[in-house]
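The values are calculated or read from the model by the stated rules, or taken from the named source; none is laboratory data. All values derive from a computational prediction rather than experimental measurement. Because the Cβ atoms are built from the backbone with ideal geometry, glycine has one as well, and the counts that use them run over all protein chains shown.
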Amino acid sequence: MQIISYIVYLIASICFIFGIKKLASPKTARQGNQLAAVGMLLAIIVTLKDNRILSYEWIIAGIIIGSIIGAVFALKVKMTGMPQMVGLLNGFGGGASTLVAISEYERIFYGTKQFEINVMISIVLSVLIGSVTFTGSLIAFGKLQELITGKVIKYPFQHPLNALLIITVLVMGVILVIQPINIELLLIITSVSLVLGVLLVLPIGGADMPVAISLLNSYSGIAASMTGFVLSNNMLIIAGALVGASGIILTIIMCKGMNRSLMNVVLGGWESAGSTGSSAISSPKGQVKSIDAEELAMLLDSVSSVIIVPGYGMAVAQAQHAVRDLMNVLEKKGVRVRFAIHPVAGRMPGHMNVLLAEAQVEYDKLVAMEDINDDFPNTDLVIIIGANDVVNPAARHNQNSPIYGMPILNVDYAKTVIINKRSLNVGYAGIDNELFFYPNALMYFGDAKEAMTKLVNELKSSS
Amino acid sequence: MEDFTLLMQIYVFVLAIFVGFELITKVPPTLHTPLMSGSNAISGITIVGALISAGVGEMSVSKILGFIAIIFAMINVVGGFLVTDRMLKMFKKK
């Protein structure tokens, strides 16, 4: 009987691997996700046949409750709310790993089995990583849902305190591995890890969330892998490692997109963050020029190529459908419209792509930064919607700027740049955007959704 | 005869990480959000451990923890796969 479950676990692992492989193309991605789900179903079914399971009441209750909650989440969530949804799901994954590890410890503690050193190491790691993932993800969720301020939160002795807690929890972990019969110590380790998760994510600011979410994603995978070590189950080790690798790669991509080290993000905020200055109009660089919907519609009548640069502001205003209408009306006039996507635009990897996909913008019109950056000089007009730091030319030449060295979209090379923003407020990095003062830049003020709808109406009435 | 179980598990872990790196570097940026939510669902595989914990015969703390773990893991699994499917349905090309 045991051999059958091992074989099914192997098949499930293969389903996960092929499932992720099929995510390499939007054409096969849906199939890939379904394949991974089939793998999961197989793993669950064969586990239910395990001879260690003697009663099914609690199992069935748990499966039903969890499935209903999960399904409601998945079907109710809006596409703009996807970052917090992923954050929350990460947390539940981490929480489950912690609970399974503690439960396994209790079973050995009250049972006849001996504590083995490798199992103990895995239990400690599983509890530590799982707990940090759990509370860290809940904080990330709170920040994205705006239950907690999305700003960089600094508290006294932040770095020494976190360092102290990490060292404490590791030392306690080593003690527990050496002397495993100490259930209180395991609970203290759990508690400290839970606190650590809160303290580590709290200082991370809103625009750094893509990194935090990716990193937590990776943790949830590694925690699952550790649970695999606890249970001596290779399928868990494989599945967890795949997720862990995925999260790490996304974290690296996000960090590169901001030209920052992981340490810098984890420690919280840009060095200059917190410097306010809400208005840049009085800046010595001069006056900004603004344009209204009617003038902009006239300007758009004479262009042949447009690149739209969406940012977090588009998500906040839920403007993706209005932006799609703008694309349609421009394409009807024979204008070539494409979208330039910066890797860290939005609050999670691929955030803009999902929003625009929801608005039925074909995915081949969304072009990654490195593929579109050379096209800006040949582009008549760029429309920036709710993006700021990722189009600030200071990143290229101003060595004193906190965002110096960050890869940006070279929008300023286009003939005309339209910037849609609600006001001249500074971006996340807390610095003025010199692009606004460029001779080829025009500000189109207003809420993204209203402004785009107005523009579309102007374009329709003029044709 | 020494016990090589742990070593074999580390083999599996390291090799799976390499497979993961190979596969995921091929995922285009446009699919990064579904990749996260989908892989997230896969990390709900801890359900396997939770089922065994909750399925023991007698009532114990371990069983209750297993029960809560099943709920958490199922939210992760069902929520993750469903929401990913919902997103991927929207990705279209003309």
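Quick test of your reading of the structure: A:THR149 fulfils all but one of (1) surrounded by fewer than 24 Cβ atoms within 10 Å (Cβ to Cβ); (2) touching a residue at least 60 places away in the same chain (Cβ under 8 Å); (3) under 23 Å from the mean Cα position of the chain (by Cα). Name the failing condition by number.
All conditions pass for A:THR149, except number (2).
Within the range A:67-92, take every residue that is assigned to a helix (DSSP H, G or I), of a type in the set (Val, Ile, Thr) and in contact with a helix residue (DSSP H, G or I) (Cβ under 7 Å, 6 or more places away or on another chain) and give me the one that is surrounded by the fewest Cβ atoms within 10 Å (Cβ to Cβ).
Here the residue is A:ILE69.
Going residue by residue through the range A:209-219, is there one that turns out to be in contact with a Lys or Arg (Cβ under 6 Å, 6 or more places away or on another chain), farther than 17 Å from B:ALA16 by Cα and either facing another protein chain (nearest Cβ under 7 Å) or assigned to a helix (DSSP H, G or I) (or both)?
The answer is yes; a qualifying residue exists.
Out of A:ALA96, A:ALA29, I need the residue that is at the interface with chain B (Cβ under 7 Å from one of its Cβ atoms), touching a Lys or Arg at 6+ places or on another chain (Cβ under 7 Å) and crowded, with 24+ Cβ neighbours inside 10 Å. Which one?
Checking each option against the conditions leaves just A:ALA29.
Consider B:LEU51 against the criteria (1) of a type outside the set (Asp, Glu); (2) in a loop (DSSP other than H, G, I, E, B); (3) facing chain A (nearest Cβ under 7 Å): it satisfies all of them except one. Which criterion is unmet?
Exception for B:LEU51: condition (2).
A quick yes/no check of all residues on (1) at pLDDT below 95; (2) at the interface with another protein chain (Cβ under 9 Å from one of its Cβ atoms):
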residue: A:ILE108; (1), (2): yes, no
residue: A:ASN118; (1), (2): yes, yes
residue: A:ILE121; (1), (2): yes, yes
residue: A:THR135; (1), (2): no, no
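Do we find a residue being out of contact with any His (no Cβ under 6 Å at 6 or more places or on another chain), of a type outside the set (A, V, I, L, M), more than 19 Å from B:ILE42 (Cα to Cα) and surrounded by 19 or more Cβ atoms within 10 Å (Cβ to Cβ) anywhere in the range A:108-121?
no
Do we find that A:VAL211 is at pLDDT below 95, over 26 Å from the mean Cα position of the chain (by Cα) and surrounded by 24 or more Cβ atoms within 10 Å (Cβ to Cβ) in this structure?
No, not satisfied.
Taking A:THR190 and the conditions (1) without any contact (Cβ under 8 Å) to a residue 60 or more places away in the chain; (2) under 30 Å from B:LEU35 (Cα atoms); (3) among the hydroxyl-bearing types (Ser, Thr, Tyr), which numbered condition does it fall short on, given that it satisfies the others?
(1)
Within the range A:396-422, track down each residue that is free of Cβ contacts under 8 Å to residues at least 40 places away in the same chain and either assigned by TED's automatic domain parsing to the domain that holds A:ASP208 or among the aliphatic types (A, V, I, L, M) (or both).
Of everything in the range A:396-422, those that are free of Cβ contacts under 8 Å to residues at least 40 places away in the same chain and either assigned by TED's automatic domain parsing to the domain that holds A:ASP208 or among the aliphatic types (A, V, I, L, M) (or both) turn out to be A:VAL417, A:ILE419.
Out of A:LEU35, A:LEU23, A:LEU88, report the one residue that is more than 9 Å from chain B (Cβ to nearest Cβ) and more than 26 Å from B:MET59 (Cβ to Cβ).
A:LEU35
Tell me which of these B:LYS93 doesn't satisfy, since it passes every other one: (1) assigned to a helix (DSSP H, G or I); (2) facing chain A (nearest Cβ under 7 Å).
Single failed check for B:LYS93: (1).
Please pick out the residue among A:GLY62, A:GLY95 that is farther than 12 Å from B:ASN76 by Cα and part of a helix (DSSP H, G or I).
A:GLY62
Tell me whether the range A:57-67 contains one or more residues that are more than 21 Å from A:LEU147 (Cα to Cα), touching a Phe, Trp or Tyr at 6+ places or on another chain (Cβ under 9 Å), at the interface with chain B (Cβ under 7 Å from one of its Cβ atoms) and polar (S, T, N, Q).
Checked the range A:57-67: no residue is more than 21 Å from A:LEU147 (Cα to Cα), touching a Phe, Trp or Tyr at 6+ places or on another chain (Cβ under 9 Å), at the interface with chain B (Cβ under 7 Å from one of its Cβ atoms) and polar (S, T, N, Q).
Hey, does the range A:9-21 have a residue that's free of Cβ contacts under 8 Å to residues at least 12 places away in the same chain and either out of contact with any Asp or Glu (no Cβ under 8 Å at 6 or more places or on another chain) or part of a helix (DSSP H, G or I) (or both)?
Scanning the range A:9-21, I find at least one residue that is free of Cβ contacts under 8 Å to residues at least 12 places away in the same chain and either out of contact with any Asp or Glu (no Cβ under 8 Å at 6 or more places or on another chain) or part of a helix (DSSP H, G or I) (or both), so the answer is yes.
Please find, within the range A:152-169, the residue that is surrounded by the fewest Cβ atoms within 10 Å (Cβ to Cβ) out of those that are within 19 Å of A:LEU125 (Cβ to Cβ) and in contact (Cβ under 8 Å) with a residue 24 or more places away in the chain.
A:THR168
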